[in-house]
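A short write-up of the structure that comes next.
Derivation of every value follows stated rules applied to the coordinates shown; laboratory data play no part. Predicted model only: the values in this text are computed from it and were never measured. Positions of Cβ are backbone-derived with ideal geometry, glycine not excepted, and every protein chain shown enters the neighbour counts.
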Amino acid sequence: MKIKKIRLISFSPTRTSKRVIDAIASGIGDIPADTVDLTYPDAVSTLQIAADELAVIGVPVYAGRVAPLAATRLAAIKGNSSPAVIVVIYGNREFEDALLELKDIAENAALIPLAAGAFIGEHSYSGPATPVGAGRPDSVDLAAANAFGAKIREKIADINDVTTGRGVHVPGNRPYKDGVGAIPFAPKVVEAQCTQCGICLPACPTGAISLDSQIAIDQDLCIFCCACIKNCPEDALTIAADPIKQKRQWLYENCAERKEPRIYL
Ligand SMILES: Cc1cc2nc3c(=O)[nH]c(=O)nc-3n(C[C@H](O)[C@H](O)[C@H](O)COP(=O)(O)O)c2cc1C
């Protein structure tokens, strides 16, 4: 089949998911692409995907599921039996039911997933003293994403009618495992280091951060994605809540062994 346009759709607070789907798109090759970034509060609420457009969707795994806010924002998609590539990005622990959940989300939006992948991104909680998947996706991951894109191009070229073709099988179970739930914490602002530059404000996917006389984070809105921490040039935002610090330590001790991307075609 002939694809007129690629729609590159991501929710990606710390930008690893976005980098992976950008590399997949460049592997697919010479088809015009537009970017739909669902990360920020101004994300579109309706997104039509035509039958001759390819949706490439990349979202992070939170607690073995699609990040809840990604799932909410993906509800904007209205496909038309449109082909899709679904990709989850996880922090070198596991992706569990996330890819199956993303497949279900895509199918409910009238997309037809033809290819799927699980790639590794630096864990949101990773830091210099407790690295987990640090620096990923790295050049090896991005080369794998690019090669995946080339395989997707071949698969699409072989398909006449996407509605009668070979769908993709992905791992996972239904009912899905329990998701992340509300996290009753927010990163802590280290006042002595904060220069009130405001870089963290637009990095926040929920608009939870405000700057009046000082930086404040609304704990009820915060999803603890760590985008503010990773964007702060002064290291003035930190993980201070004990349960998250314990989780970070557990990840550091148990998820050091490098995992590799997995693809499903
Ligand atoms: C609340 C939360 C839960 C997470 N749960 C998982 C998980 O279950 N498995 C995993 O390997 N990584 C997990 N991660 C790490 C992210 O999946 C990983 O860092 C991903 O690369 C983030 O994507 P982004 O850069 O597009 O935001 C979690 C991160 C957060 C913030």
**Study point:** Cα-centred dipole magnitude for the stretch 36-111, charges only on beta-carbon of K, R (+1) and D, E (-1), debye, nearest 20
**Key:** 100
Point to revise | Among PRO60, PRO137, PRO171: highest mean-square fluctuation, GNM of the chain, C-alpha pairs under 10 Å | key: PRO171
Review point. Where does the chain land at 222 nm, in deg cm²/dmol rounded to the nearest 500, when only DSSP H runs of n ≥ 4 count, each adding -39500 (n - 2.57), divided by all residues?
Key: -8000 deg cm²/dmol
**Study point:** Expected-Rg normalisation [2.2 N^0.38 Å, Cα atoms] applied to the chain
**Key:** 1.01
Revision key, fill the gap. With +1 on the Cβ of every Lys and Arg and -1 on the Cβ of every Asp and Glu, the dipole magnitude of the stretch 188-240 about its Cα centre, in debye rounded to the nearest 20, is 160
Point to revise | For the stretch 10-80, diffusion coefficient by Stokes-Einstein and Kirkwood Rh (Cα), 10 °C, 1.306 mPa s, µm²/s | key: 124
Review point. Out of every Cα pair in the stretch 1-137, what percent are spaced more than 19 Å from each other?
Key: 46
Check your understanding: Magnitude of the Cβ-charge dipole of the chain, K/R +1 and D/E -1, about the Cα centre, nearest 20 debye?
Key -> 520
Study note, to complete from the structure: In whole percent, the Cα-Cα distances of the stretch 188-240 spread across 5 Å bins from 0 upward as 4, 23, 38, 26, 8, 0
Check your understanding: When the chain is modelled as a GNM with alpha-carbon springs shorter than 10 Å, which of CYS225, CYS204, CYS255 fluctuates the most?
Key -> CYS255
Point to revise | Signed unit charges on C-beta, dipole axis of the chain, positive-most listed residue THR195, GLY27, LEU8 | key: GLY27
Exercise for review: Could you let me know the centre-to-centre spacing of the stretch 117-141 and the stretch 6-22, using Cα atoms, in angstrom?
Suggested key: 15
Practice item. Within the stretch 59-103, which residues have the backbone N less than 19 Å from the label spot 7 Å out from TRP250 along Cα→beta-carbon, could you tell me? Key: 61-68, 90-98
